[in-house]
Amino acid sequence: VLLELVPGLSLPQQDLLAIALDQTRGSLPTLIGVIEKIEGNEASKRVLLRRLRRLESAGAFSDKQDVGARVAKLVSRVGSGIILRLGAVQTELAQIFISSVVRKLMVERMKGQIPPVLFVVDEAHRLMSTQSSPSATRTFRFVAQEGRKFVMTMVLATQRPSLVDSTILSQCGTVLALLLTSPE
């Protein structure tokens, strides 16, 4: 999962991350602390630490409760709405973050612990493209294919529907297409 959250790591950076993961299974701050102590290529270490600290500062991880659980708790109130604005968040991080939240909500909905859910996803091509992280794609495909039977619905909005994963797009029961010029 960390490799998905910090894509494009060089082999020395991946090696540093693997060594640190062998030494700890703790939280992200603990992992960062272990990497700081590892001896190795300082330039690779600096880049890896900068990227991991960016993840940590995003607040998507917590020792107390994960974001998906916090959102599920908020959603459990009937009639409540939540807006997650991720426009300024790096696309790869937004994909993992939102898919984590959606996965948790889907599990809670399947157990009947939260009321029916409607997701409205603007700029859907950012989160559900053919280039998305594999775990995010799997999550959104599952919701698109199986969500209806659990009253979990998605409304997708995009100006670039040809970039949305074809499996997800094929599950759309209603499509409103305005001013599209691409034959795809």
By the gyration tensor of its Cα atoms, with a ≥ b ≥ c the square roots of the eigenvalues, what is the shape of the range 95-171: rounded for a/c under 1.5, prolate for a/b over b/c, or oblate? prolate
Report the extension gain between L176 and K37 in nm, rounded to one decimal, defined as 0.36 nm multiplied by the number of residues separating them, less their alpha carbon distance. 44.6 nm
Using mean Cβ contacts within 10 Å as the protection proxy, how do 127-134, 16-23 order, highest first? 127-134, 16-23
Estimated inter-spin distance, A18 and K149, nm [label 7 Å along Cα→Cβ]: 4.0
The answer for T153, listing residues at least 5 apart or on another chain whose modeled amide H is closer than 5 Å to its amide H, is V117, L118, F119
So R160 and V89, fully extended at 0.36 nm per residue minus their Cα-Cα distance, gain in nm 23.6 nm
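Every number in this text was worked out from the coordinates using simple rules, so none of it is lab data. Computed from a predicted model, the values in this text were never measured in an experiment. Cβ coordinates were reconstructed from backbone atoms using ideal geometry, including for glycine residues, and neighbour counts include every protein chain displayed.
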